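Below is one structure, written out as C-alpha cells; the observations come after it.
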Amino acid sequence: MIRLILELLRIVLIFGILGSFAWSLVSNLYTWNDRVFQFQWLAALGIYVLLFIFYRNKWQFTGWYRGRGREMLPRNVTVWLSVVSAVLMAAPFLLSLFLS
C-alpha cells in the first residue's frame, strides 16, 4: 500500500514539475498573438499527453510500484498519442489562422 502511495506522489511530482518546466520552455511561442494566446491551453494538454507517453513507456518501470498492470503502451497507441500531442501543440496556431 505504501508503494502505491509513493508511486502516486511520484506521478503527481513528475507531471507537475516536468509539465511546468516544459511549459516554461514553450510558453513564449504562444504569446505572440492574442488569438494564439487564447488557445494555449491546448498546447498544455499536448505536453501532458507526451508526459503520459513517457511515463507509460519508460518511467513506470523505474518507480516504487511493482504490482500488476505495468506494461508499455502498444506501438500503435504510442504513435497515435504522439500525433494527438503534436496536433494539440499546433492547434493554437492553426485555430488562430482559421478563426481570424
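Please treat every number below as a calculation from the coordinates, not as lab data. All values derive from a computational prediction rather than experimental measurement. All Cβ positions, even for glycine, are placed from backbone atoms using ideal geometry, and neighbour counts span all protein chains on display.
Distance between the modelled labels on R35 and L8, one decimal in nanometres: 4.4 nm (7 Å Cα→Cβ projection). Note on F21 and L99: the model spin-label points, each 7 Å out from Cα along the C-beta direction, lie 3.1 nm apart.
Ordering E7, E71 from the fewest to the most neighbouring beta carbons within 10 Å gives E71, E7.
Can you put I47, I2 in order, fewest other beta carbons within 10 Å first? Show your work: numbers first, answer last.
Numbers: I47 21, I2 7.
Fewest-to-most ranking of I47, I2: I2, I47.
Loop-located trypsin sites (Lys or Arg not before Pro) in segment 64-95 (DSSP state not H, G, I, E or B) with no more than 10 neighbouring Cβ atoms inside 10 Å: R66, R68.
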